[in-house]
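Worksheet: the structure to be examined is printed underneath.
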Amino acid sequence: MELNSVKETDVLIVGAGPSGLALACDLARRGVRALVVEQAPSLFPGSRGKGIQPRTREVLDDLGVGDAVREHGGPAPIGMTWSGGERRGEYDMFRRAAPTEAEPYGEPWLLPQWRTQEILLARLRELGGDVLFSAALTDFVQDADGVTAELTTGPVRASHLVAADGGRSTVRRALGITMDGETVDPAPVLVADVRVARSALDRLNWHIFTGEAGYTTLCPLPGTADFQLVAQFKEGAPNLTPEGVRALVAARTHLSADAVTEVRWASDFRPRAALAERFREGRVLLTGDAAHIHSPAGGQGLNTSVQDAYNLGWKLGQVLLHGAPAALLETYEQERRPVAADMLGLSTRIHRGEQERGTATQQLGLGYRGGPLASGGAGVLEAGDRAPDGPAGEAGRLFDVFRGPHFTLLAVGTDAALPPSGGALLRVFRTAANKAYGKGVFLVRPDGYIGWAGEDLRGLAEYAGPLGLDLKSA
């Protein structure tokens, strides 16, 4: 192999799903070279992961796609139960909360997965990146300095490889990393995107049909003319052909087969919960479904995956560009694996009817208290907590202050001395007392969590050094 035949990049991301694209966007805005490769010829075409939780909306807003998510999505409609061809009453599957100053998004937002990926890809291209399609990973080896990967399009050399290649991850299997888990429900489930004649079914509700064969739902997908069809099979296996999908709708609902005017995509799966035994092997890291597989109940899979990327992106940036030790990457698994385990348990309990879709599904309460990067506390918050939103005077909102790849040193209701802003890496901001914070000084990480907190700056420089953030002059 000739040296000049090898394509070089900082991070090779295998898989152009939500986690891979989100990670690529985060790295691109930091100036980290990232190559995303996808074995398919195009983005995933289906709606499967359609629920965007409030915390993930905050993440997507920080990545610069909040307006597009708002424009193309919509709130989850109220459920409508049906029996015998008649409406039996409304049933709301979600806890809905009004937005607050600290939590600007209060309810789940529906956005087909294919649209989420289109939005992220468009953002990646704005940032100068792209996806190399029809490029499958066939082999890779790693050494002390990086990873050499063999693709069907040619070899690539990278400092790190990130597996974002789904539940059947080629990378994870090559590493010999096992997935511990269980079958949540032995009954297979069909998921399809269908068009339904306007005269046959309204788009005002999430339609729910029950019967001996298993549950069936038709959910209107905002920003499209489609419904997402979900059907459980207590016996037999789904027929994924257009004729089979139409026959299923006719058998389980009051609609005729002809009412389904188009079947745009169909797939099937068996609900499963599984967690990788580790998220890192040397210079290779696992993210998204490659690291954890969820039941779709509760809408946690895609959201947990995007937040994996959000946690990993800034750490890779600090190691590759700002002198942080490689040990910082160890905190990715230390922080994210326990969260993934908790979300797997939540999804499973919701699927089995043991827990409702309450505040836990919003993921606003998730954090890293007691974790390897959490130090101190001040006001009403502890290090590891999500940094709340709130008014920020002429700067707009605190989320406007945080938005971007930088750290934020935030002084709330205190006249403690602060250092100057540290260029593009650190923004220093002072604001009035805020009940969501109390009073104190908070170092907000690039992923919106409080890393360090105190009444003054004592101990901050020592904390920040291992993150590649030089505050010794503070």
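Going Cα to Cα from residue 435, which aspartates and glutamates come in below 12 Å? Please leave out same-chain ones fewer than 8 positions away.
The reachable aspartates and glutamates, counting only those whose Cα sits under 12 Å from residue 435, are 101, 389.
Taking every DSSP beta bridge with both residues inside region 360-458, roughly what % is antiparallel (nearest 5)? Walk me through the intermediate numbers first.
Values: 14 of 22 bridges.
In region 360-458, DSSP labels about 65 percent of beta bridges as antiparallel.
May I ask you to give the solvent-accessible area per residue for the chain, in square angstrom, as obtained with a 1.4 angstrom probe? Each step should come with its number before you reach the end.
Working: 19200 Å² over 474 residues.
With the other protein chains kept in place, the chain gives 40 Å² per residue.
Could you work out the relative contact order of region 1-141, using alpha carbon pairs under 8 angstrom and six or more residues apart, expressed as a whole percent?
Details: 213 pairs, mean separation 49.9, N = 141.
This gives 35 percent for region 1-141.
How big, in percent, is the set of alpha carbon pairs in region 184-268 lying more than 18 Å apart?
Details: 1214 of 3570 pairs.
Everything past 18 Å amounts to 34 percent.
Heavy atoms of the protein only, probe of 1.4 Å, neighbouring chains included. What is the accessible area of residue 343 in Å², nearest 10?
10
Per 0.36 nm of contour for each residue apart, how much would the distance between residue 200 and residue 235 grow if the chain were fully extended, relative to their Cα-Cα spacing?
Numbers: separation 35, 0.36 × 35 = 12.60 nm, distance 2.78 nm.
Difference between extended and current length: 9.8 nm.
Accessible surface of residue 224 in the full protein assembly, 1.4 angstrom probe, to the nearest 10 Å²?
30
If one computes the Cα centroid of region 105-122 and of region 404-453, what distance in Å separates the two points?
29
Can you give me the orientation-averaged projected area of the convex hull built on the Cα atoms of the chain, in nm²? Numbers along the way, then the final one.
Working: hull surface 91.8 nm².
Spelled out: convex hull of the Cα atoms, projected over all directions, averaged, 22.9 nm².
Taking residue 234 as the anchor, which lysines have their alpha carbon closer than 27 Å to its alpha carbon, excluding any fewer than eight residues away along the same chain?
Result set, ordered by chain and number: 50.
How far is it, in nm, from the label point at residue 247 to the one at residue 415 when both lie 7 Å from their Cα along the line to the Cβ?
8.0
Which ³J(HN,Hα) values, rounded to whole Hz and listed in residue order, are derived for region 246-261 from phi using the Karplus coefficients 6.51, -1.76 and 1.60 in 6.51 cos²θ - 1.76 cosθ + 1.60 with θ = phi - 60°, glycine and proline given as x?
Using θ = phi - 60°, the values come out as 4, 5, 4, 4, 5, 6, 10, 10, 7, 7, 7, 4, 5, 5, 8, 7 Hz.
Excluding same-chain residues fewer than 8 positions from residue 7, which aspartates and glutamates have a Cα within less than 18 Å of its Cα?
38, 130, 139, 143, 145, 150
Expressed as a whole percentage, what fraction of the accessible surface of the chain belongs to carbon and sulfur atoms when a 1.4 Å probe is rolled over the protein heavy atoms?
Working: 9270 of 19200 Å².
Answer for the chain is 48 percent, counting heavy atoms of protein chains only.
The values are calculated or read from the model by the stated rules, or taken from the named source; none is laboratory data. Remember, predicted model here, so these are calculated numbers, not experimental data. Because the Cβ atoms are built from the backbone with ideal geometry, glycine has one as well, and the counts that use them run over all protein chains shown. Just so you know, the surface numbers come from the protein's heavy atoms only, side chains and all, with ligands and any DNA or RNA stripped out. Shrake-Rupley method; radii C 1.70, N 1.55, O 1.52, S 1.80 Å.
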